[in-house]
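Heads up: the structure comes next, in structure tokens.
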Amino acid sequence: MADTYDQKAGTRTHVPGQQVLRDVAKRADLGVPEGLVVAGYGGKGTAAASPWIGVFDEAINTNPKKDLYLAYIFSTDLTSVTLTLQQGVTELSEKIKNKQPFLAHLRRHAARLAAALPKSLAKDWNHRPALGGGDRPEAYAAASVAARRYEIADMPPEEELQRDLRAATNLLQRAAAAESAWRAARDDDDLDVPVLPQQRTSGEEGGESSECTTMEAPSAPPATVVRAAGFKPRNSGDYIACIAAHQQVKSRKHEELIKDFATYISKRDYTPKNQHVHPKDLTLQPSDAEHAPAPDGREWLVEAKVVRKGRADTAVREAIGQLREYSYFLYREKQLPAPHLIALFSEDIGVFAPYLEDQGISAIWQTADGWAGTSTAAAWGMVD
């Protein structure tokens with residue numbers, strides 16, 4: 001690729017570098033692990049500034065426009081190639097038109113996913129790509145979760161490249177599991193990107209421009225909330241989010257549920273924490289944990305779910321899945337003590353309460369008069 005690719009030669013069939021890219025998918029001599037497929041990308045019409053070869057796990061994603069995959073991305077000067085665990089950027093770029101919020105979102109989510117990877121696997125993959133100037137190279141660099149760079153003039157032997165590919169495949173599978181858990185944890189599908197004040201989107205020629213800023217809905221006078229170290233209540237009011245040139249009213253009932261529970265549980269000699277614990281909703285420690293930690297050294301992991309339209313079964317199913325995934329990826333994989341598990345709900349879950357107890361998960365739910373829960377929650381002094 002480095003010897004034949006020419007950004008100025010276009011993308012026609014006869015262009016040598018483009019031929020190399022097109023032929024990648026047909027080759028059977030690349031030593032790609034079973035279950036992975038490859039494809040080359042050199043642009044459409046205009047040659048890409050950073051050509052690349054995608055490596056896709058068929059069980060995870062085969063669409064380069066979104067989600068996660070591996071890629072060998074060349075720098076714009078073709079002096080290096082970086083093997084990177086990538087987020088797809090195309091679909092997101094169509095939703096976030098402004099460059100800086102777009103790149104900020106990619107970096108923020110890359111950091112979330114990188115933090116969920118086992119340190120023993122990720123420590124050798126902490127390279128931050130610098131691929132050169134241009135919108136796409138900059139987006140690829142921002143979207144990188146983990147990466148390793150190779151200099152074209154000093155490429156490692158094939159055996160090392162194969163080992164690196166297998167290690168990257170492992171990282172891809174783990175990051176995909178973490179992303180699945182993160183998505184399930186979202187109260188809704190809004191983008192985690194601030195809208196710039198006075199941002200204008202021009203309409204057709206002669207038409208009027210439109211403006212969109214984040215707007216908070218009116219809210220009731222604030223109740224007294226917990227101000228414990230490590231916990232900061234998030235805004236629970238409805239707000240308007242601008243997404244792809246239209247407006248949607250979003251609900252933050254999920255955050256309100258967490259805030260109410262944190263205020264309550266802090267009065268029961270537990271300290272709630274929701275800062276620097278993402279993607280977890282909340283963790284708990286005894287209020288005097290510094291001097292009297294939990295007897296078994298384990299913290300409490302809380303997953304909050306709003307029961308919507310009476311569908312307790314859906315809320316319970318999601319809570320179980322996330323608690324199990326977080327317990328594995330965020331504790332066991334990092335060799336931390338397994339947490340006590342608590343599923344927190346916005347209303348009574350009926351017959352699912354004993355079911356959760358049977359699964360080793362305590363349940364707590366909000367009532368008209370306060371809070372109720374299962375026997376384990378009562379034994380911990382969290383409910384009466």
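The values are calculated or read from the model by the stated rules, or taken from the named source; none is laboratory data. These numbers were taken from a predicted model, which means no experiment stands behind them. Cβ: placed from backbone, ideal geometry, glycine included. Neighbour counts: every protein chain shown. Each accessible area value is taken on the protein alone, full model and side chains, heavy atoms only, with ligands, DNA and RNA left out. Shrake-Rupley method; radii C 1.70, N 1.55, O 1.52, S 1.80 Å.
Can you pull the accessible area of Lys123 for me, 1.4 Å probe, Å² to the nearest 10? Lys123 has an accessible surface of roughly 130 Å² with all protein chains in place. For a 32 Å ceiling on Cα separation, which of these pairs sit above it: Lys44/Lys123; Lys26/Lys119; Lys95/Lys259; Lys123/Lys267? Violating the 32 Å Cα-Cα cut-off are Lys44/Lys123; Lys26/Lys119; Lys123/Lys267.
Taking segment 83-107 and a reference point 7 angstrom along Cα→Cβ of Asn170, the backbone N atoms nearer than 20 Å belong to 83-86.
A Förster radius of 25 Å, combined with the Cβ-Cβ distance separating Asp288 from Lys119, puts the computed FRET efficiency at roughly 0.25. May I ask you to give the average projected area over all directions of the convex hull of the Cα atoms of segment 294-384, in nm² rounded to one decimal? Result: 5.8 nm². Computed with a 1.4 Å probe over protein heavy atoms only, the accessible area of Arg308 comes to about 100 Å². Here is the list for segment 18-92: GluC sites (Glu not before Pro) lying in DSSP coil, each with at most 10 other C-beta atoms within 10 angstrom of its C-beta, are Glu34, Glu58. Accessible surface of Val37, taken over heavy atoms with a 1.4 Å probe and every protein chain present, rounds to 50 Å². Across the protein chains, with a 1.4 Å probe defining accessible surface, the residues Asp23, Asp358, Asp3 rank Asp3, Asp358, Asp23 from largest area downward. Find the centroid of the Cα atoms in segment 57-128 and in segment 300-329, then give the distance between the two in whole Å. So the two Cα centres are separated by 28 Å. Treating each Cα of segment 300-344 as an identical point scatterer and summing with the Debye formula, the log10 of I(q)/I(0) at q = 0.28 Å⁻¹ comes to -0.93.
One chain, two ends: Asn126 and Ala28. Fully extended at 0.36 nm per residue, the span grows by 32.2 nm beyond their Cα-Cα distance.
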